[in-house]
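Visitor: The structure's right below; bear with me while I get my questions together.
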Amino acid sequence: MNVKNSYLMDAYSRQEISFTSGSGIRLWDNNGVEYIDAISGVAVTSLGHSHPEIASAIAEQASQLMHTSNLFKIDWQERLGEKLCSISGMERAFFCNSGAEANEAALKLARLHANANNVFDPVVVVMEGSFHGRTLATLSATGNPAVHSGFSPLVPGFMHIPFNDIESIHRLADQVPNIVAVLVEPVQGEGGVKAASQEFMQTIQHLCHDKNWLFMVDEVQTGMGRTGAWFGHQNVDVEPDVITLAKALGNGFPIGACLARGNAAKLISPGKHASTFGGNPLACRVGCSVVDIMERDKVPDNALIQGKRLLQGLKAELGHHPEVIAIRGEGLMIGIELSYPCESLVQRALTEHKILINVTRKNIIRLLPPLICNENETDEIVARVSDLVRTTNRH
């Protein structure tokens, strides 16, 4: 199709390549050319493309029942809620269709928490460099001025502090009496694959418990095994009040979830929040299949093992490259920070090295391969990405 004649809004800077099929970590375009997918649809297809059990679950459920609305009990929703609460330590689940919606639900919990405690000008503490979605509230929570451009006035009630800055959050706690919640990513993905320190996360947890704030963790990208644990916050030994999920939960089928425990789990009552499509039988059956497969095949463990191999391999190949500033990551969530803007490498990776990568913050290559990759596939990613960086002549 001639893109110049497209009827689509110009919302994306798309590559010209169009993919027609996939299997595991491989994709094929409409000319039959094979590629390695090292971004998983931005941390979505963590079980790989065309997983036979996921495809079977979708086909079988679609032939039985896809949607009834939340006016009725949905058995698959009940099952998925139980599974997610079991692996997360949460008590209640609300289902929606995306990560932005999951974070919207969390922010509404913060407002309900404020109202219940007679705080009428509530503030949610969020991080510089964060990304929480593109609805007006989640965009306002996001700590990246570039995504705010053109959308003023932003939703009020957010205060941004530097990520991993313990002194800043202590200062806010002393100076701002109307804080009701903190929303933080265990690893900032769009922010450059930067992990929250254990001390920072535990400081937040302590302040939240001491001040009666909600401790809310955005696991939309880090959740479901991506960082080598079921959830990224488990790597730093904290227990949040609210967790948001999406992306890998449906392996490509749209689904999001907001999980809560304690008082946060009791804030929503009929009429306070809803979703027409959220938690329908089809989406929740897919989610159940994803959790079952990940448990059976120990997918988070594989992400931890292959993530270490990928990180070590990249450091061995590129650690002494003069234009590589840093190589960092958690599980199969890797960032390669370069000394120059490298957005053009996305196209070069596709056309010359047949690998899908992503660039964030203009100069950081982000790798998010499927969590099912094996040693040979991990080594192949190392080889192709290393060759890409080494053969780039930015002059």
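Visitor: Taking into account only those residues within the range 256-290 that are among the β-branched types (Val, Ile, Thr) and not in a helix (DSSP H, G or I), which is most open to solvent (accessible area, probe 1.4 Å)?
Guide: 276
Visitor: Still on this model: Can you tell me which residue within the range 358-372, out of those that are in a strand (DSSP E or B) and aliphatic (A, V, I, L, M), is farthest from residue 313 (Cα to Cα)? Spell out the reasoning first.
Guide: So in the range 358-372, the residues in a strand (DSSP E or B) come out as 358-360, 364-367.
From what is left, the residues that are aliphatic (A, V, I, L, M) are 359, 364-365, 367.
Details: 359: 19, 364: 17, 365: 15, 367: 13 Å.
Taking the candidates together, the pick is 359.
Visitor: Please go through the range 365-395 and pick out each residue that is closer than 22 Å to residue 14 by Cα, within 17 Å of the chain's Cα centre (by Cα) and of a type in the set (A, V, I, L, M).
Guide: Those that are closer than 22 Å to residue 14 by Cα, within 17 Å of the chain's Cα centre (by Cα) and of a type in the set (A, V, I, L, M): 365, 367, 368.
Visitor: Identify the single condition in (1) over 27 Å from residue 335 (Cα atoms); (2) in contact with a Gly (Cβ under 7 Å, 6 or more places away or on another chain) that residue 303 does not satisfy, given that it satisfies every other one.
Guide: (1)
Visitor: Kindly indicate which of 325, 381, 357 is among the β-branched types (Val, Ile, Thr), under 18 Å from residue 188 (Cα atoms) and open to solvent by less than 30 Å² (accessible area, probe 1.4 Å).
Guide: On the way: 325 fails: open to solvent by less than 30 Å² (accessible area, probe 1.4 Å); 381 fails: under 18 Å from residue 188 (Cα atoms).
Of the residues listed, the single one that is among the β-branched types (Val, Ile, Thr), under 18 Å from residue 188 (Cα atoms) and open to solvent by less than 30 Å² (accessible area, probe 1.4 Å) is 357.
Visitor: Of the residues 226, 309, which single one is in contact with a Ser or Thr (Cβ under 8 Å, 6 or more places away or on another chain), part of a loop (DSSP other than H, G, I, E, B), charged (D, E, K, R) and modelled with pLDDT of 95 or more? Before you say what the answer is, go through the steps one by one.
Guide: Values: 309 fails: part of a loop (DSSP other than H, G, I, E, B).
Checking each option against the conditions leaves just 226.
Visitor: Considering only the range 1-107, give the helices (runs of 4 or more DSSP H) lying wholly within it that have at least 3 residues that are free of Cβ contacts under 8 Å to residues at least 12 places away in the same chain. Step through it out loud before you land on a result.
Guide: Numbers: elements: 40-43, 52-64, 75-88.
Passing ranges, in order: 52-64, 75-88.
Visitor: Suppose we filter the range 373-395 for residues that are part of a helix (DSSP H, G or I) and farther than 18 Å from residue 323 by Cα; how many remain?
Guide: Within the range 373-395, the first condition is being part of a helix (DSSP H, G or I), and the residues that meet it are 375-390.
Filter once more, keeping what is farther than 18 Å from residue 323 by Cα: 375-381.
Number satisfying all stated conditions: 7.
Visitor: Out of the range 225-259, which residues are at positive phi and more than 9 Å from the chain's Cα centre (by Cα)?
Guide: Hits for the range 225-259 are 225, 228, 237, 251, 252.
Visitor: Also: Take the residues of the range 208-223 that are part of a helix (DSSP H, G or I) and either surrounded by fewer than 20 Cβ atoms within 10 Å (Cβ to Cβ) or in contact (Cβ under 8 Å) with a residue 40 or more places away in the chain (or both): which is nearest to the chain's Cα centre (by Cα)? Walk me through how you get there before you give the answer.
Guide: So in the range 208-223, the residues part of a helix (DSSP H, G or I) come out as 208-211.
If we keep only those that are either surrounded by fewer than 20 Cβ atoms within 10 Å (Cβ to Cβ) or in contact (Cβ under 8 Å) with a residue 40 or more places away in the chain (or both) as well, we get 209-211.
Working: 209: 25, 210: 28, 211: 28 Å.
The selected residue is 209.
Visitor: While we're looking at this one, here's another question. Of all residues being assigned to a helix (DSSP H, G or I) and in contact with a Ser or Thr (Cβ under 7 Å, 6 or more places away or on another chain) in the range 235-252, which is farthest from residue 186 (Cα to Cα)? Just the residue, please.
Guide: First, pick out the residues of the range 235-252 that are assigned to a helix (DSSP H, G or I): 235-236, 247-249.
Filter once more, keeping what is in contact with a Ser or Thr (Cβ under 7 Å, 6 or more places away or on another chain): 235, 248.
Numbers: 235: 9, 248: 16 Å.
Top of the filtered list is 248.
Visitor: What are the residue pairs meeting all of these: first residue in the range 287-308, first residue more than 13 Å from residue 248 (Cβ to Cβ), second residue open to solvent by 10 Å² or more (accessible area, probe 1.4 Å) and of a type in the set (S, T, N, Q), Cβ atoms under 8 Å, and 6 or more apart or on different chains?
Guide: 306/374
Visitor: Out of 316, 303, I need the residue that is outside any loop (DSSP other than H, G, I, E, B) and either closer than 19 Å to residue 243 by Cβ or hydroxyl-bearing (Ser, Thr, Tyr) (or both). Which one?
Guide: On the way: 316 fails: either closer than 19 Å to residue 243 by Cβ or hydroxyl-bearing (Ser, Thr, Tyr) (or both).
Among 316, 303, only 303 is outside any loop (DSSP other than H, G, I, E, B) and either closer than 19 Å to residue 243 by Cβ or hydroxyl-bearing (Ser, Thr, Tyr) (or both).
Visitor: A further question follows. Out of 170, 132, 160, which single residue is touching a Ser or Thr at 6+ places or on another chain (Cβ under 9 Å), assigned to a strand (DSSP E or B) and either of a type outside the set (A, V, I, L, M) or exposed (fewer than 14 other Cβ atoms within 10 Å of the Cβ) (or both)? First the steps, then the outcome.
Guide: Working: 170 fails: assigned to a strand (DSSP E or B); 132 fails: assigned to a strand (DSSP E or B).
Every option except 160 fails the conditions.
Visitor: Would you point out which residue out of 112, 154, 183 is out of contact with any strand residue (DSSP E or B) (no Cβ under 7 Å at 6 or more places or on another chain), among the aliphatic types (A, V, I, L, M) and outside any helix (DSSP H, G or I)?
Guide: On the way: 112 fails: outside any helix (DSSP H, G or I); 183 fails: out of contact with any strand residue (DSSP E or B) (no Cβ under 7 Å at 6 or more places or on another chain).
Only one candidate qualifies: 154.
Visitor: All but one of (1) surrounded by fewer than 20 Cβ atoms within 10 Å (Cβ to Cβ); (2) within 24 Å of the chain's Cα centre (by Cα); (3) under 30 Å from residue 281 (Cα atoms) hold for residue 54; which doesn't?
Guide: Looking at each condition in turn, residue 54 falls short on (1).
The values are calculated or read from the model by the stated rules, or taken from the named source; none is laboratory data. Treat the numbers as computed from the prediction; the structure is a model and nothing was measured. Glycine also receives a Cβ, built like all others from the backbone with ideal geometry; neighbour counts cover every protein chain displayed. Accessible surface areas use protein heavy atoms only, side chains included; no ligands, DNA or RNA. Shrake-Rupley method; radii C 1.70, N 1.55, O 1.52, S 1.80 Å.
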